[in-house]
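The structure appears right after this line, and notes come after that.
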Amino acid sequence: MDNYLSRFLSSALFFIALLSSPLALASGSGHHHHQKTASAVGQPAEQTQATKTIHVTMTDNMKFYFQEALNIAPGDTVLFIVKNDGKIPHEFSIGNQHEHKEHQKMMRKMPNMRHEDGNTITVDPGKTKEIVWQFNGEKEVIFACNIPGHYEAGMHHRMTLIGK
């Protein structure tokens, strides 16, 4: 009986340690990744700095619909009001091709990760969120949903900054 109890307790402690590890915590659906750093295409900004507002609708047909023209020039600060009209969560992420590829690798490892970053937000079905971005740096910008399978299904949009 002591041998059985010893093995049981060892197994229980192993699983408790596993569940409380940083990797296990980071992969949970409630994890929020908080990064407020610049990107190759710009950086987060405050809403009071916004010079333009663009409404974006995301749908389960893996599309972004921009209700205003994307006439964005270097230095513009844009308030994006992003609504998820679908029945599943979607991301709205701003970056270049390399940044999205790296983000996709991370999302494949932690598919339930939720974002409230400077350049990425996760929007639940029926919800609306905002992100403010100042554009500068590279002229090609990609808006993408990097939830596994969404980008591959067409949920991305390329834009070139005007006047550059």
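The values are calculated or read from the model by the stated rules, or taken from the named source; none is laboratory data. Given the structure is predicted, the values throughout are model-derived calculations rather than measurements. Backbone-built Cβ (ideal geometry, glycine too); neighbour counts: all protein chains shown. Note: accessible area is taken over every heavy atom of the protein model, side chains too, but ligands, DNA and RNA are not part of it. Shrake-Rupley method; radii C 1.70, N 1.55, O 1.52, S 1.80 Å.
Note on M159: accessible area approximately 10 square angstrom, rounded to 10, probe 1.4 Å, nucleic acids and ligands left out.
Please report the net charge: other residues with Cβ closer than 9 Å to the Cβ of H90, K and R +1, D and E -1.
In short, -3.
Over segment 84-164, what percent of the accessible surface lies on carbon and sulfur atoms, probe 1.4 Å? Using a 1.4 Å probe with all protein chains present, segment 84-164 comes out at 51 percent carbon and sulfur.
To the nearest 10, the accessible area of F66 is 40 Å² with a 1.4 Å probe. One decimal place: the segment T57-I81 gains 7.8 nm when fully extended, by the rule 0.36 nm per residue minus the C-alpha distance.
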